[in-house]
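Asks: I'd like to ask you about the structure that follows.
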């Protein structure tokens, strides 16, 4: 998996959310697949004035503690002005300005490469000199080139 470090400005997102844990996602009561179904059924990108509507964010935020604790996941888009002031049923969240280490997955089936990447990310931070901040991490998908059987995803992990 390729990595590099970037500094990113704050980004406001709008989308659908769920609260979960990694333990729940490893068991039979996984919530993230249903969240993705909810996102696709909402037609969010078509209903809003999203900036860069082709970019789909999977934000992990409001961490209870670390990778073992509860967190909130938002799937959505960069919020346009009307999305911030309009009346809608979507949730707003902020990706904080931060330094991020970016992990780029190999190409393959989306659920497979993302799950594999997160396993590698957790292993990376067990032995890394970088320290995670748990302030907001995100997966970035480009729908212009999205093929669920052969996709490449960038995962941004906030670091000190």
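Asks: Go through segment 126-160 and report how many residues are over 25 Å from residue 10 (Cα atoms) and within 14 Å of the chain's Cα centre (by Cα).
Replies: So the count comes out to 0.
Asks: Residue by residue through segment 98-115, note down the ones that are over 15 Å from the mean Cα position of the chain (by Cα) and either part of a loop (DSSP other than H, G, I, E, B) or more than 19 Å from residue 8 (Cβ to Cβ) (or both).
Replies: The answer is 106, 107, 108, 109, 112.
Asks: Whether any residue in segment 50-71 is outside any loop (DSSP other than H, G, I, E, B), more than 20 Å from residue 6 (Cβ to Cβ) and modelled with pLDDT under 90 is what I want to check.
Replies: No.
Asks: I'd like to check something: does segment 32-47 contain any residue that is out of contact with any helix residue (DSSP H, G or I) (no Cβ under 8 Å at 6 or more places or on another chain), part of a loop (DSSP other than H, G, I, E, B) and closer than 19 Å to residue 92 by Cβ?
Replies: Taking every residue of segment 32-47 in turn, at least one turns out to be out of contact with any helix residue (DSSP H, G or I) (no Cβ under 8 Å at 6 or more places or on another chain), part of a loop (DSSP other than H, G, I, E, B) and closer than 19 Å to residue 92 by Cβ.
The values are calculated or read from the model by the stated rules, or taken from the named source; none is laboratory data. Here the structure is a predicted model, which is why all the values come from computation and not from measurement. Neighbour counts are summed over all protein chains in view; Cβ atoms, including those assigned to glycine, are modelled from backbone coordinates with ideal geometry.
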